[in-house]
Each structure stands twice: as C-alpha cells, then as structure tokens.
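Note sheet for the following structure.
Read-outs: derived from the displayed coordinates by stated rules, not from any lab. Everything numeric here is computed off the predicted structure, so don't read it as measured data. Here the Cβ positions follow ideal geometry from the backbone for every residue, glycine too, while neighbour counts run over all protein chains shown.
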Amino acid sequence: MPSKAIAQTPSTAAKPRVLDSEKITINLGFVDLGHIDLLVAESFYANRTDFIRTAIRNQLASHADAVKQVVARKMLVLGLQHFSQADLLAVQAANQKLQVRVLGLASIGHDVSPELALATIASLEVLGSLQASPEVKAALASRHL
C-alpha cells in the first residue's frame, strides 16, 4: 500500500492572534440571575451568555441613532483600526503625528517599538479595546484620553 504524503502547514504560534471579542465580568443580583436561568431552562436562550449578548445588542440598537451622531461629531473610526510598523514609519517619514480615535478595536503591531509609537501618535482615544504590546501601552498611557 503506498504511503500518503502528509501536508505540513506553517505554525501559527509565532503570529499574534487578533481577538474578535473581549471577556468582561459583571455582577448580577440573585433574582436577576434566576430570571435568566429560567429563560435558559425554557429554551428562550441557549445559555446565560446568549441572553446577555442579546440584551446588550438590543440596548445598542435602541441607542443606534445617538451612537451615530456621536461617532460623526467626534470623528471616530468605527470598527477595527490597525497600525502596522510600516504605517507608522510612513507617518514618521512625513513628519506627522496621528490623533487616533476608535470606537471598536485599535491594534498596534507587535513589531512597533514604544519609541516609534511615541514619535507618531499624538493622542489616543479608544472606546472598546486597545491591542498592543505592554511596552507600547505603557508608553502611550499619558496620551490615552
């Protein structure tokens, strides 16, 4: 019987993974939690997380117009904004500084040094999550609005 060749794929261990969500912790009263568990038990929701995500999405939908107005007024990038080392080197070469304003996820490449981040990012406002190396986060802490 001929042997089958096994295709090898490159390891993704060295490549930083961009998360599509962030874990939060909330405290609920026992009665509220009991109501949620009852709805889950009666198959209105798959689990507690499904209920909480649905409740949050419903609240966000009910305030969608207000969010749109604020995003427009504050000139926020909505969604994902990534800054690579090449992006920031181009900003530096143009002798400019960025005012970063993101509603969602702002990420700064793991190959970006704290010095490059400081040289190119004048201010940083992130409503959501910032993904960057601990060193870059520390360097930009005073510029985070």
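Observations on the model:
- PHE83, PHE44, PHE30, PHE51 arranged by Cβ crowding within 10 Å, fewest neighbours leading: PHE30, PHE44, PHE51, PHE83
- Around the amide H of GLY128, modelled in the peptide plane, lie the amide H atoms of GLY104, all under 5 Å away and 5 or more residues distant in sequence or on another chain.
- Among ALA86, ASN58, LEU118 the positive-end extreme of the charge dipole of segment 35-138 (Cβ point charges): ASN58
- With a Förster radius of 30 Å applied to the beta-carbon distance between ALA141 and LEU33, the computed FRET efficiency rounds to 0.25.
- Theoretical FRET efficiency, 1/(1+(r/R0)^6), r = Cβ-Cβ of ASN58 and GLN85, R0 41 Å, to 0.05: 0.55
- Helical mean residue ellipticity (222 nm; -39500 (n - 2.57) per DSSP H run of 4+; nearest 500) of the chain: -12500 deg cm²/dmol
- Residues whose placed amide H lies under 5 Å from that of SER107, excluding near-sequence neighbours: GLN81, HIS82, PHE83, GLN131
- Amide proton proximity set for TYR45, modelled H, under 5 Å, gap of 5+: VAL40
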